[in-house]
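What follows is a short report on a single structure.
The values are calculated or read from the model by the stated rules, or taken from the named source; none is laboratory data. What you are looking at is a predicted structure, and each value in this text was computed from that prediction instead of being measured. For neighbour counting, all protein chains shown are included, and Cβ atoms are generated from backbone atoms with ideal geometry for every residue, glycine included. SASA here: full protein model, heavy atoms, side chains in, ligands and nucleic acids out. Shrake-Rupley method; radii C 1.70, N 1.55, O 1.52, S 1.80 Å.
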Amino acid sequence: MRSFPYNNTYMMSTTEDYMTQEEDWDRDLLLDPAWEKQQRKTFTAWCNSHLRKAGTQIENIEEDFRNGLKLMLLLEVISGERLPKPDKGKMRFHKIANVNKALDYISSKGVKLVSIGAEEIVDGNLKMTLGMIWTIILRFAIQDISVEETSAKEGLLLWCQRKTAPYRNVNVQNFHISWKDGLALCALIHRHRPDLIDYSKLRKDDPIGNLNTAFEVAEKYLDIPKMLDAEDIVNTPKPDEKAIMTYVSCFYHAFAGAEQAETAANRICKVLAVNQENERLMEEYEKLASELLEWIRRTIPWLENRVAEQTMRAMQQKLEDFRDYRRIHKPPRVQEKCQLEINFNTLQTKLRLSNRPAFMPSEGKMVSDIANAWKGLEQVEKGYEEWLLTEIRRLERLDHLAEKFKQKCSLHESWTTGKEHLLSQKDYETASLMEIRALMRKHEAFESDLAAHQDRVEQIAAIAQELNELDYHDAASVNTRCQGICDQWDNLGTLTQKRRDALERVEKLWETIDQLYLEFAKRAAPFNNWMDGAMEDLQDMFIVHSIEEIQSLITAHDQYKATLPEADKERIAIMGIQNEITKIAQTYGIKLVGVNPYTVLSPQDITNKWEAVKQLVPHRDQMLQEEVARQQANERLRRSFAAQANIIGPWIQTKMEEIGHVSVDITGSLEEQMNNLKQYEQNIINYKSNIDKLEGDHQLIQEALVFDNKHTNYTMEHIRVGWEQLLTTIARTINEVENQILTRDAKGISQEQLNEFRASFNHFDRKRNGMMDPDDFRACLISMGYDLGEVEFARIMTLVDPNNTGVVTFQAFIDFMTRETAETDTAEQVMASFKILASDKSYITVEELRRELPPEQAEYCICRMTKYSGPDASPGALDYISFSSALYGESDL
């Protein structure tokens, strides 16, 4: 319900205008017996309702006012003022004097009396007496009624229409026939006291019953005397308007106090609703902050775990888990962090607009604490990704080296098989001269072969050392095998030297040697070593990361193939020696027994190995071409990623700059800025598919183990960070504009004022980053007419920069410029409202709270109010004064 307070300052002109309408007193109607009867009864009852406060009453309205004494007493009761002392005589002139004093008092209140004289009242003129009483009723009971922009009769009619509008069969248009069926009076009572009348049981065809019900209830429960007769109203075609108005005005005054209490209750409900909403937002912030910080706390140890796996498969699984974290688990948390900042800013704005103290989150849950925790998470996250990629490259290198080590060890061990036994033989002791010379040449060929294998042994040792340096998981077996090869190599060197010494001692005893066998052996051995090296090179594993590297291998292979014709000539020459031996033997009838004494190589060995080399060449070609195709695919991936990244990266930067321009633009309204920002936000959301496609290409690049890209300076990490910053910036900027709209609407700031504030802020925002440092802020305030001392400026800085960040944002600047103009509820206003509900007591009871407030707000107050301990306390008394102060963060007044 809504209360309509009395208008106690009704202007004289209004009174005169209204009374002018009453100057034409309808004397003919007053003579009508029905109307006269209604007015006589109503006015008499109305006068008695006031006179009984003074312990008296009247019986006959035209007789009891003749001496003027009760007339003066009536005016004193209804006005609360003292009239001049009445004359005590009983003579006619005494009575006229008393009546004139009453009429003079009425005139002093701005009432223009028309055709009403003291003599007519003293003479008992009923018509004039009723007119005078009606004038008094108009002035003191009806004139002060004010509803919205109307007053007096129109105000009373509007009040009746408003209160009875929801009721069926009630249509108040006047103060005569609209009241004949009694439903309007019952509706007025039910509207304010539904416990007194069951409106649903009333019937329109029972006007007398309805009227009597209203009269009886009003007299019994509302202290409104019965002023009318139901039969008179029903049986009169048009009931007397003045009688009806007089009676209805009593209802207005009876319910005025209840409406005042209703207004107070509404104010309290509004304040409590704001406080409950703020508490809900605070609890929601605390909950979100706790969950986000707990997630960060649980995630950081996982990212800090740098225990490397021993296999490539396990490390790739770690990388896949990290991608799932980036793609699935982290994005919702980014949104939560952004929403948390938005909720915090909105809550602070609502608290400030409702004149509440700023919200201070629990220790460790400030926005800055969350930002620091998030920064720490991202730093650990970046280090974890770098570590993963480094470990994968290390394991890839280890796998390659381990395989290469095994291959070279196998080749070397295959070559050294039986060599120690061969060098340990003493066959030269029983050999012939030719055999001795053959053994000597054979040993020389072995020494050449041994020297040729020195590089391979050194390579095996170097690979083993690198595997140890890279912390290879099976380094123990590598070291054991390498040590065995080195020990064997040292032993071979010692045995070789001993055998050479022995052969040189007996060489002087033998003089001839077969030069052809020797030449074959000398040429076959290097050629064989060359073929061994060629076969090793053709089967050598390789790892490359670019087209240039594979092209370098192809070039080297082409150069090798270019040497094949010369090698074939050497092979033909060697085979020619063997053919020459066979020809000489055939020519001179020499019978060749056994093999070439100077070498273990046979012509068939050379032929077989040569065929093996020729078969390995196309196989090597195929491997190189496959690697070229793989590197070309990797290059396409690089170029595809670079093409998208070189578009997305500048696009993100451009959008960041455009959002900054929109947020400082003062050419349009805040709603236009909001629409522009919403459009930017939608464009950004629509652009997400490009980011997802780039993520897909990035995943393909990582799966292909491509770790560099010379075609772009943007990495996926740059794009992710830029994208997250863009989402956060647009959300924060929209929130700032929303808060500016809230501030503007709550403070009543015009668009021109906001533009002026923005222009001043932009002028002193020298870095054009939406923030001013303290010196620029001081200069801005001085330019706007503030006379600032150091103490005053320090106080202002605590308001606009409570967290000591060293900068002043535009939102904080707007808050400061509008802070003093707030039209918000205060603790004093809430106390005054509670005082009305408590009937001017210093405390309030549980019953009063539950009667005057809605259940939710009443229970809220009961739970939070402390027990009242004043000297006038009664059982169950609650302290609403300290409660009102606590709502606004103030100490008890």
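Below 8 Å between Cα atoms, with a sequence gap of 6+, how large is the relative contact order for the range 265-397 in percent? Before the final figure, lay out the partial values.
On the way: 67 pairs, mean separation 60.0, N = 133.
So the answer I get is 45 percent.
For the range 551-579 and the range 288-321, what is the separation of their C-alpha centers, rounded to whole Å?
Cα centres, the range 551-579 to the range 288-321: 56 Å.
Any idea what angle helix 33-51 forms with the longest principal axis of the chain, computed on alpha-carbon atoms, 0 to 90 degrees, nearest 10?
70
In the full protein assembly as shown, how much of Asp427 is accessible to a 1.4 Å probe, in Å² to the nearest 10?
50
Could you pull the accessible area for Met282 with a 1.4 Å probe, rounded to 10 Å²?
The accessible area of Met282 comes to roughly 50 Å².
Given the -39500 (n - 2.57) contribution per DSSP H run of 4+ residues, what per-residue ellipticity at 222 nm results for the chain, rounded to the nearest 500 deg cm²/dmol? Kindly include the intermediate steps, with their values, before the conclusion.
Working: 34 runs with 626 residues, N = 893.
The per-residue figure over the chain is -24000 deg cm²/dmol.
What per residue convex hull volume, in Å³, do the alpha-carbon atoms of the range 69-210 yield? Present the calculation step by step, with values, prior to reporting the outcome.
Numbers: hull volume 22.5 nm³, N = 142.
In the range 69-210, the Cα convex hull volume per residue is 158 Å³.
Based on the Cα atoms of the range 827-888, what semi-axes does the equivalent ellipsoid have, where each is the square root of 5 times one gyration tensor eigenvalue, given in whole Å with the largest first? Display every interim value, and only then the final one.
Details: eigenvalues 45, 38, 26 Å².
That gives 15, 14, 11 Å for the three semi-axes.
What does the charge count around Glu279 come to, taking other residues whose C-beta lies under 12 Å from its C-beta (Lys +1, Arg +1, Asp -1, Glu -1)? Can you show the working numbers first?
Details: positive: Arg280, Lys350, Arg356, Arg864; negative: Glu277, Glu283, Glu284, Glu286.
The answer is 0.
Can you pull the percent of the range 827-888's accessible area that's carbon plus sulfur, 1.4 Å probe, other chains left in place? The partial results should precede the final answer.
Details: 1660 of 3080 Å².
After summing per-atom areas, the C and S share lands at 54 percent.
Where does the chain land on Rg(C-alpha)/(2.2 N^0.38 Å)? Mind dumping the intermediate values first?
On the way: Rg = 55.6 Å, N = 893, 2.2 N^0.38 = 29.1 Å.
So the chain has a normalised radius of gyration of 1.91.
What figure in square angstrom, to the nearest 10, would you give for the accessible area of Met716 with a 1.4 Å probe?
Counting only protein heavy atoms, Met716 exposes about 0 Å² to solvent.
Suppose accessible area is computed on protein heavy atoms with a 1.4 Å probe; arrange Thr728, Thr494 from highest to lowest.
Values: Thr728 25, Thr494 65 Å².
Largest accessible area first, the list is Thr494, Thr728.
Determine the order of Cys861, Cys269 by accessible area, beginning with the largest, at a probe radius of 1.4 Å.
Working: Cys861 0, Cys269 25 Å².
Most to least solvent-accessible, the answer reads Cys269, Cys861.
Among 627-635, 328-336, how do they line up from the highest to the lowest mean number of other beta-carbon atoms within 10 Å?
Details: 627-635: 15.4, 328-336: 13.6.
Taking the mean over residues of other Cβ atoms within 10 Å, the ranking is 627-635, 328-336.
Return the whole-Å distance between the Cα centroid of the range 707-759 and the Cα centroid of the range 369-417.
41
From largest accessible area down, sort Arg481, Arg82; use a 1.4 Å probe on the protein chains. Don't skip to the end; give the middle numbers.
Working: Arg481 80, Arg82 200 Å².
The ordering from most to least exposed comes out as Arg82, Arg481.
So what's the gap between the Cα centers of the range 631-702 and the range 776-790, to the nearest angstrom?
Here the two parts' Cα centres lie 40 Å apart.
Please determine, in degrees from 0 to 90 and to the nearest 10, the orientation of helix 92-108 with respect to the longest principal axis defined by the Cα atoms of the chain, where the helix direction is its Cα long axis.
Approximately 20 degrees, to the nearest 10.
Treating cross-link reach as a plain straight distance, find the lysines whose alpha-carbon is under 20 Å from the alpha-carbon of Lys375, omitting any fewer than eight places away in the same chain.
Reachable lysines: Lys330, Lys337, Lys365.
Hey, what angle do you get for helix 152-164 against the long axis of the chain, alpha-carbon based, 0 to 90 degrees rounded to 10?
Taking Cα atoms only, the helix is inclined about 50 degrees.
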